[in-house]
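Everything below concerns the one structure shown next.
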Amino acid sequence: MTRLFQPWICLSLLVIAACERPEKTGRHAEEQASPQVTRSAKRQPREALPEPHKPTRATLAEAQAITEPAARARAIAQVAWNALEEDPELAREALGLLAADSPERIALIQHFAMRMADENPDAALEWAGTLESEQESAAARARIALVIAAEDPARAANLLSESGIPGREFDVAIVQVLQRWADKSAPDAAAWVATFPPGGFRKAGIEAVVSQWAASDPQAVFSWLSTLSDESIRGEATLAIAGALGQQTPETRAVWLNAADPRTREQLEQAQPPAE
């Protein structure tokens, strides 16, 4: 049986960084200062999270027994995080106990997706398609796209456009992917974005590409701008460049404006806020 159809085998590869685990409290120091503390006083409160680094089914059962829903979800998620390296099957079991689309479950899914994509992007995408909801699948694919973008930003951008759900997570992912694509081939990235209909996706994409392109090659971006026959795309691109222009030093702004044709230069100057 191949790993493609057994995505949870990949969990044994997931290693959690120490920064993702809570540090132990100063309980031992307090016990040394107060040697008369009784056994019952030292017992961990029932509503607290399980002890880190000791993932067992007992700790999972303890987490499930927590009565307050939000605290219970956090505790179960903590068991999953702690079990990823030592007991992948327990991590899978804990993830399955979390409510679909819950923040705790989405965070784990995103982490799983990136780690799996590092090993095999196609297997990670196959796994993403098995998740319980469209939101979970989209969250996983957004993280997988970020991994793919390092080598193939065009594929990553297409993946997001086909499977993304509008929202902050999607917006962040598409901007990062397009920025990586602009680093490799800004003309191709700009041409791809320009094929989309008007809307938030195209506007965010054009802004991500042309603002970065202008910073590296203002002459090239203005040459591309002059070839646009669609006035709405040209307007979005001009506004994006104007926004980036406002972040530059006076010397850099002068270089950009000198590279622009008279029409574009006039539009950029009109879009700039008045000097204080």
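The values are calculated or read from the model by the stated rules, or taken from the named source; none is laboratory data. Remember, it's a predicted structure, so these values are computed and weren't measured experimentally. Every residue, glycine among them, receives a Cβ derived from its backbone with ideal geometry; neighbour counts consider all protein chains shown.
Among residues of region 76-105 that are under 15 Å from GLN135 (Cα atoms), those with a Cβ under 9 angstrom from a residue that is of a type in the set (Lys, Arg), sequence gap 6+ or separate chain, pair up as LEU98/ARG105; ALA99/ARG105; GLU104/ARG74. Of note, ALA154 satisfies the criterion of being farther than 30 Å from GLU266 by Cα and not assigned by TED's automatic domain parsing to the domain that holds ARG263. Considering (1) part of a helix (DSSP H, G or I); (2) buried (at least 18 other Cβ atoms within 10 Å of the Cβ); (3) without any contact (Cβ under 8 Å) to a residue 60 or more places away in the chain, the lone condition that LEU131 does not fulfil carries the number (1). The residues listed here are ALA99, ALA113; of these, the one that is buried (at least 16 other Cβ atoms within 10 Å of the Cβ) and not acidic (Asp, Glu) is ALA113. Among the residues of region 189-221, those identified as polar (S, T, N, Q) and in a helix (DSSP H, G or I) are SER211, GLN212, SER216, GLN219.
Matching residues to (1) among the hydrophobic types (A, V, I, L, M, F, W, C); (2) over 16 Å from ALA154 (Cα atoms); (3) outside the structural domain of MET114 (by TED's automatic domain parsing); (4) buried (at least 17 other Cβ atoms within 10 Å of the Cβ):
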{"site": "LEU178", "(1), (2), (3), (4)": "yes, no, yes, yes"}
{"site": "ALA186", "(1), (2), (3), (4)": "yes, no, yes, yes"}
{"site": "ALA189", "(1), (2), (3), (4)": "yes, no, yes, yes"}
{"site": "GLU207", "(1), (2), (3), (4)": "no, yes, yes, yes"}
{"site": "SER216", "(1), (2), (3), (4)": "no, yes, yes, no"}
{"site": "LEU225", "(1), (2), (3), (4)": "yes, yes, yes, yes"}
{"site": "SER229", "(1), (2), (3), (4)": "no, yes, yes, no"}
{"site": "ARG234", "(1), (2), (3), (4)": "no, yes, yes, yes"}
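Among the residues of region 127-159, those identified as over 12 Å from the mean Cα position of the chain (by Cα) and within 27 Å of ALA99 (Cα to Cα) are TRP127, ALA128, GLY129, THR130, LEU131, GLU132, SER133, GLU134, GLN135, GLU136, SER137, LEU159.
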